[in-house]
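Worksheet: the structure to be examined is printed underneath.
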Amino acid sequence: MVHKALAWIDRELAALAERDLLRQVRTHGGPQGTFIELHGRELINFGSNDYLSLAGDARLAAAAKSALDREGCGSGASPLLAGHSAALAQLEARLADFEGTQAAIVFPSGFAANMGTIAALVGPGDAIFSDALNHASIVDGCRLSRAEVHVYRHGDCQSLAEELKTAASFRRRLIVTDSLFSMDGDLAPLAGLAGLAEQHDAMLMVDEAHATGVFGTSGRGACELSGVEQRVAVRVGTLSKALGAAGGFVCGGRSLIDWLMNRARPYVFSTALPPPMAAAGTAALDLIAAEPERRVQLLRRAQWLRDQLASRGWQTGQSASQIVPIVVGGARRAMELSARLVDRGVWVPAIRPPSVPDAGSRLRISVCHGHDDAMLGALLAALDECPR
Ligand SMILES: *Cc1c(COP(=O)(O)O)cnc(C)c1O
């Protein structure tokens, strides 16, 4: 029954459907992997952030099960009260070790990590300088902080320098960016950003959500790849994408982490990440260290796919990673292409507003380690049958 006071929602939903913008979840069976069962059909899955194909890995499940037997399912409380389990403490220690920082703090999600961290670092009287294509969790954290937000053009240090002209008039300054942009697959100009941060006495915060486990010699992300880790004050990441588990984290100096434990509200007021998930995260970090070939092969496959797409006339923009967008313009066309690919056994989600502007509607291909040559070939063959 529709509650009378909520009748407006049905009208809004109908308006979204009218514009091809209505979104629906599709429930899939079985573990996350390179195949996905949707609408009762088995499709090759190019819609997952499970970049290293670890989410369904038996070794992560075994680590989670063992923690489950030792420490149970729920964590029962926020970390500061009674919820900081041995498994969570171990994960934080392992993260600091992996990232080469003094300390690390784990949040229930990457979204919570960004919201909580930004609002803990700046407030009224401060200024944030934010890339125009930053993730929603960064955008929301900026709004929540009540600092003055200056949005600079995507990936454009010139535009940031322009915005920074008034920076000295604020109490504190925060420059914040994704390292690998989730809808375009391009990398932030990290060295340039670090230089500007130093020049203007600003804190530089980099969100490695899509890059952790994928980029850098040790798999620490794009900051490692660019050699700027020591120049980035605050590094954020998630255990929910390439690492195949769940939970967001911040790594950095001891005092930064102590501050966040005291002031980041999603840490203070949300129930701690449960022990089984913490143990899975620790196991994933061990696997990333032990199996560097996963990320090497992944990036090689992604490069091959981008080359193939380009030679077939598909535009993949500035992508330099495992995230390969095909911008097709218009939500309807993106939806039609996605549906055609489903007919041919391939799942590639259509990305439309509000994730991207309407004219930037696209197919977003996520290449994962488990995609073999036959799967990539099937994707290309399916695309070959679609109008450009
Ligand atoms: C996915 C994502 C997050 C959120 O991480 P979750 O662990 O899924 O909450 C944060 N930042 C970026 C750039 C992301 O893509």
Quick check on this structure: which one of 46, 107, 35 is of a type in the set (Phe, Trp, Tyr) and in the same structural domain as residue 267 (by TED's automatic domain parsing)?
107
Is it the case, given these coordinates, that residue 130 is within 16 Å of the ligand (Cβ to nearest atom) and under 13 Å from residue 205 (Cα atoms)?
yes
Look at region 53-88 and say how many of its residues are in a helix (DSSP H, G or I) and touching a His at 6+ places or on another chain (Cβ under 7 Å).
0
Taking first residues from region 225-249 that are within 13 Å of the ligand (Cβ to nearest atom) and second residues anywhere that are of a type in the set (Val, Ile, Thr) and assigned to a strand (DSSP E or B), the pairs with Cβ under 6 Å that are 6 or more apart or on different chains are 235/206; 236/250; 247/106; 248/238; 249/106
In region 240-258, which residue that is of a type outside the set (D, E, K, R) and out of contact with any Leu (no Cβ under 8 Å at 6 or more places or on another chain) is surrounded by the fewest Cβ atoms within 10 Å (Cβ to Cβ)?
255
Subset of region 250-270 [within 15 Å of the ligand (Cβ to nearest atom) and β-branched (Val, Ile, Thr)]
250
Could you please give the count of residues in region 31-52 that are modelled with pLDDT under 95 and in a loop (DSSP other than H, G, I, E, B)?
6
So, of the residues in region 314-333 that are at pLDDT 95 or above and not in a loop (DSSP other than H, G, I, E, B), which turns out to be surrounded by the fewest Cβ atoms within 10 Å (Cβ to Cβ)?
326
Please go through region 212-224 and pick out each residue that is touching a residue at least 40 places away in the same chain (Cβ under 8 Å), touching a helix residue (DSSP H, G or I) at 6+ places or on another chain (Cβ under 7 Å) and small (Gly, Ala, Ser).
213, 218, 219, 222
Which listed residue is more than 16 Å from the ligand (Cβ to nearest atom) and not hydroxyl-bearing (Ser, Thr, Tyr), from 195, 185, 141
195
Answer yes if at least one residue in region 275-286 is surrounded by fewer than 21 Cβ atoms within 10 Å (Cβ to Cβ) and either hydrophobic (A, V, I, L, M, F, W, C) or within 22 Å of the chain's Cα centre (by Cα) (or both), and no otherwise.
yes
Looking at 302, 194, 278, which is the one that is closer than 30 Å to residue 72 by Cβ and of a type in the set (Gly, Ala, Ser)?
278
Exclusive hit being without any contact (Cβ under 8 Å) to a residue 60 or more places away in the chain and within 27 Å of residue 286 (Cβ to Cβ), set 58, 82:
58
Taking region 292-324, which residues are of a type in the set (D, E, K, R) and closer than 24 Å to residue 133 by Cα?
306
Matching residues in region 198-211 - criterion: being in contact (Cβ under 8 Å) with a residue 40 or more places away in the chain and away from the ligand (no atom under 16 Å from the Cβ)
202, 203
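The values are calculated or read from the model by the stated rules, or taken from the named source; none is laboratory data. This is a predicted model, so every value here is computed, not measured. Glycine gets a Cβ as well: all are built from the backbone with ideal geometry, and neighbour counts include every protein chain shown.
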